[in-house]
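The block underneath contains the structure these notes are about, expressed in structure tokens.
We did not get these values from a lab; they are worked out from the coordinates using the rules stated. In this text, all values refer to a predicted model and were calculated from it rather than measured experimentally. All Cβ positions, even for glycine, are placed from backbone atoms using ideal geometry, and neighbour counts span all protein chains on display.
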Amino acid sequence: MNAILRLLALVTLTLLLSAHRAPAVEFQAGAAAIDISPRTLPALRNGGFIEASSNRVDDPLHARCLVLADGKSTLALAIVDSCMAPRDVCEAIKRRVTDATKIPADRILIAATHTHTAPSLMDFCLGCRKDPAYADYFIARVSDGIAAANTRLTPAEAAWTPFDAPNHTHSRRWVHRADAIDNDPFGDQTVRAMMHPGYQNPAYTGPAGPVDTGLTVLSIRSTSGEPIAILSNYSMHYFGSGEGFSADYFGDYARYLESKAGKPDAARPLVAMMSQGTSGDLHWMDYSQPQRRDYSREQYARELGELTLTALADLKYRRDVSLAMAQTELALGRRLPSAKRLAWAEEIRSKQATPRPGNLPEVYAEQALWIRDNPRADLVLQAVRIGDLTLAAIPNEVYGITGLKLKAQSPSTVHMNLELANGAEGYIPPPEQHYLGGYTTWPARTAGLETDAEPKIVAALVSLLEKVSGKPRRELTTDFYTPEQREAIKAARAADNNRENRGAGE
């Protein structure tokens, strides 16, 4: 009997020691960067109101891909140098990746950086059409990039942290003085707030909303200390480039981190990436100050890179990194044009002298007819948890205030928002911002969802974040606005401003 008890005790002790030594999860990571620069030139370029093309590549475009696994599930993220990738393009990529890797489509996240100097992947991107040849090439190349990252899975450890970078993003949407309200492209005096007011312009009183100045970084390395990937997230629209195709500052930032944090002789080089946050109304220019001269895109990227390196130096890595991901679809309506707006559009189109729109009224006339024919949209929303870090993936251009709401309510205190992810469903101003008018409220494929889209999207994403975290949301205790911003919104509401563009016309 004693021998049996001793044997049982020995077996129990062995099992306990084994459990103590074994990691809680088997965290693995693999990364790859693949060139997606156009091979056929010229190619159509979107990012402006009017269709344009480029016949040169100024710096390479990439799909920067990351695959993560924890022994129970595998998920993939791809940050692509594109202005925006519509849902049909993203789903084509996911089908190919699933066929090649068996990673389920609802465990794949594809987000555009929003460089404004990339080939067009979407029809009716304001005045620009899709470049079909490039879209086919893009789908194949991004698929290959994710598959390559999957082949490089290796035991890994990760760390993450947020920090504040208030000097590199600012509000680009400012409130007009009450006596300086502008006309919209439809001929109505509705523009009480507008993008890019100019430096210290006396016709404007101040920003229309708050700024999310937080930069969040996820660093992943092998268990032997070899850098694998750095995923950063920051809310700044883009810096601006020349006439050629360019990854904008997103590429500069990635290359800077790779040169400083990577190892030149590594068999698998570090893949750094900057993802787009909630920058629908944010930009690097500070319009409250005099214009900065002799300030380059490369300098901007280097400054953010140096801040990131400082944050990385203090990180504590962990190997017990579990993963979770959830997805839902949200059906929303679009703000339909009234009979008056459709008559205006038909008249503009009947007088158009060129095959493609050549001015703002022609662009928005075409958009009004497109919205009439496409009254609904189905959005893919995702939430991801990597250890204690959460991510929300949103197929829209999102205001800074919306990003702040998501960060404040996420069950995790460290959170990233990735806009223009898994689709391109346009700007989603909060309902109150629609009353101020301006470019992001003019109905178009890139700005056409119902006025209540933003709160519905936020509610769905917070629920997903609760699901992946297994924890309740945190309480939202502020509306983030200043007294001056509240007064501007109150006055616009009282005037029932921007009625037609809010979809409340006749």
* Asked: Percent relative contact order of the chain, based on C-alpha pairs within less than 8 angstrom and at least six residues apart?
  -> 17
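Give me the one-decimal Kirkwood hydrodynamic radius in Å for the stretch 236-292, with the sum taken over alpha-carbon pairs. It would help to have the intermediate numbers written out before the result.
Values: mean 1/r = 0.0735 Å⁻¹.
Evaluated on the stretch 236-292, it is 13.6 Å.
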* Quote the charge dipole size of the stretch 354-461 about the Cα centre in Debye, to the nearest 20; the model charges only the Cβ of Lys and Arg (+1) and of Asp and Glu (-1). => 160
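Apply the membrane-span-like helix rule to the chain: whole DSSP H runs, Cα extent along the own long axis of at least 27 Å, mean Kyte-Doolittle hydropathy at least 0.0. List the helices found. Show your work: numbers first, answer last.
On the way: long enough: 2-21 (28 Å, 1.33); 132-151 (29 Å, 0.29).
Qualifying helices, which must be both long enough and hydrophobic enough, are 2-21, 132-151.
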* Other-chain or far-sequence residues with amide H under 5 Å of K263's (modelled H) -> L270
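Kindly provide the helix-only [θ] at 222 nm of the chain, computed as the sum of -39,500 (n - 2.57) over DSSP H runs of four or more divided by all residues, to the nearest 500 deg cm²/dmol?
On the way: 11 runs with 155 residues, N = 506.
Using -39500 (n - 2.57) per qualifying helix, the result is -10000 deg cm²/dmol.
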* Structure fact -> Square roots of five times the C-alpha gyration tensor eigenvalues of the stretch 384-478, ordered largest first and given in whole Å, equal 25, 14, 10
* Asked: Using the C-alpha atoms of the stretch 261-354, what convex hull volume per residue, in cubic angstrom, is computed?
  -> 344
* For a quick protection proxy, order the peptides 348-355, 365-372, 178-185 by their average other-Cβ count within 10 Å, most packed first. => 365-372, 178-185, 348-355
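What number, in percent, do you get for the relative contact order of the stretch 270-398 if the mean sequence gap of Cα pairs under 8 Å and at least 6 apart is divided by its residue count?
32
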* Structure fact -> Calculating Cα extents along the principal axes in Å from this structure picks out, from (1) 96, 51, 46; (2) 125, 52, 38; (3) 71, 50, 48, entry (1)
* Structure fact -> Given the candidates A326, M285, S120, the one whose Cα lies deepest towards the positive end of the charge dipole of the chain, counting +1 at each Lys or Arg C-beta and -1 at each Asp or Glu C-beta, is A326
* Asked: In whole Å, how far is the Cα centre of the stretch 44-113 from that of the stretch 228-279?
  -> 15
* Asked: Regarding the stretch 275-425, what is the average projected area of its C-alpha convex hull, in nm²?
  -> 14.2
* To do: Mind checking which lysines have their Cα closer than 29 Å to the Cα of K405? Skip sequence neighbours fewer than 8 apart in that chain.
  => K316, K456, K467, K471, K490
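If you add up the charges near G305, with Lys and Arg at +1 and Asp and Glu at -1, over every other residue whose beta carbon is less than 13 angstrom from its beta carbon, what do you get? Walk me through the numbers before you get to the answer.
Working: positive: R255, K260, R297, R302; negative: D252, E258, E298, E303, E306.
With Lys, Arg at +1 and Asp, Glu at -1, the neighbours total -1.
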* Debye intensity ratio in log₁₀ form over the Cα atoms of the stretch 345-389, taken at each q of 0.32 Å⁻¹ -> -1.11
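According to the square roots a ≥ b ≥ c of the eigenvalues of the Cα gyration tensor, what is the shape class of the stretch 141-255, taking rounded for a/c under 1.5, prolate for a/b larger than b/c otherwise, and oblate for the remainder?
Numbers: a/c = 3.49, a/b = 2.29, b/c = 1.52.
Taking the square roots of the gyration eigenvalues as a ≥ b ≥ c, the stretch 141-255 is prolate.
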* Convex hull volume of the stretch 53-162 per residue (C-alpha atoms, cubic angstrom) -> 132
* Fraction of antiparallel bridges per DSSP, the stretch 47-184 only, in percent to nearest 5 -> 55
* Structure fact -> Taking alpha-carbon centroids only, the stretch 428-506 lies from the stretch 293-337 a number of Å equal to 22
* From the square roots a ≥ b ≥ c of the eigenvalues of the alpha-carbon gyration tensor of the stretch 326-367, which class results: rounded (a/c under 1.5), prolate (a/b over b/c), or oblate? -> oblate
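How about the stretch 415-484: which GluC sites (Glu not before Pro) there lie in a loop by DSSP and see at most 15 other Cβ atoms within 10 Å?
Working: sites: E419, E425, E432, E450, E466, E475, E484; in loops: E419, E425, E450, E475.
Taking the stretch 415-484 and a limit of 15 other Cβ atoms within 10 Å, the loop GluC sites (Glu not before Pro) found are E475.
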* Structure fact -> Taking the stretch 23-109, the equivalent ellipsoid from its C-alpha gyration tensor has semi-axes in Å, biggest first, of 32, 14, 11
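Charges at C-beta only: +1 for Lys and Arg, -1 for Asp and Glu. How large is the resulting dipole of the chain about its Cα centre, in Debye rounded to 20?
1160
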